[in-house]
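Reading through the structure tokens given below for one structure.
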Amino acid sequence: MLGFYEGFPETVHKAARFAVTVSNKKLQQAIIQTLQKLNSEKLNLEEVTEPLMPNCSVMFEFGIADGDTFSYLNQEEAMKALEKVRKITLQTLDFFCATRYYKEQSGRRTPLKFDYFLLRIVFYPNFMEAYVFHERGPMHVSPEDIINFIVSKINSAFPRKALKPV
């Protein structure tokens, strides 16, 4: 089932609740579009978290769940997910997030160990809950930072904040 991962862990490393000021359908569309846009966008680590290392960049790779697997959230997968959301509002959206880190020095980019996260977003009338499970990696970005970063990017897609912490 597109958007739902059957193997999502029961124990999570971070949970957060947000009041929602737009319809769940619009919010789900914005989430899919935002994560697809973030795929492979090079960012300074300072844009995401308080960095432990100077001169570090980060790139995200998001995949959307489909039963027991994830598909890379490219343009085609995003369109498929948006079409499904257009037809029915989903209760849950699950994503895989690979967080790739690079040390930048002297014009060279050296890859560091990656972090792997699972993200679940559950939708209710007027609020949503986000759950993050850190699967493995050095955790240069915390589960809380992942949620805050994604929420800020989603909020920037609307003229006024669509998500407010509860």
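The values are calculated or read from the model by the stated rules, or taken from the named source; none is laboratory data. If you're wondering where the values come from, they're calculated on a predicted model, not measured in any experiment. As a convention, Cβ positions derive from the backbone with ideal geometry for all residues, glycine included, and neighbour counts pool all protein chains shown.
Would you list the strands (runs of 3 or more DSSP E) that sit entirely within the range 1-103 and hold 1 or more residues that are surrounded by 19 or more Cβ atoms within 10 Å (Cβ to Cβ), touching a helix residue (DSSP H, G or I) at 6+ places or on another chain (Cβ under 9 Å) and hydrophobic (A, V, I, L, M, F, W, C)?
Per the criteria, 14-20, 56-66.
Counting only residues that are closer than 26 Å to Leu27 by Cα and among the β-branched types (Val, Ile, Thr), which one in the range 104-124 is surrounded by the fewest Cβ atoms within 10 Å (Cβ to Cβ)?
Val122
How many residues does the range 64-79 hold that are within 26 Å of Asn126 (Cα to Cα) and modelled with pLDDT of 95 or more?
Adding up the residues that qualify gives 4.
So, in the range 126-155, of the ones that are in contact (Cβ under 8 Å) with a residue 12 or more places away in the chain and among the hydroxyl-bearing types (Ser, Thr, Tyr), which residue ends up nearest to Lys26 (Cα to Cα)?
Tyr131
Go through the range 71-99 and give me each residue that's of a type in the set (Asp, Glu) and closer than 26 Å to Phe114 by Cα.
Glu76, Glu77, Asp94
Considering only residues of the range 115-166 that are modelled with pLDDT under 95 and of a type in the set (Val, Ile, Thr), which is farthest from the chain's Cα centre (by Cα)?
If we take residues in the range 115-166 being modelled with pLDDT under 95 and of a type in the set (Val, Ile, Thr), then Val166 is farthest from the chain's Cα centre (by Cα).
Just checking, which of Met128, Met139 is surrounded by 12 or more Cβ atoms within 10 Å (Cβ to Cβ) and assigned to a loop (DSSP other than H, G, I, E, B)?
Of the residues listed, the single one that is surrounded by 12 or more Cβ atoms within 10 Å (Cβ to Cβ) and assigned to a loop (DSSP other than H, G, I, E, B) is Met139.
Take the range 104-122 and flag every residue that is free of Cβ contacts under 8 Å to residues at least 24 places away in the same chain, over 23 Å from Gly7 (Cβ atoms) and in a loop (DSSP other than H, G, I, E, B).
Selection gives Ser106, Gly107.
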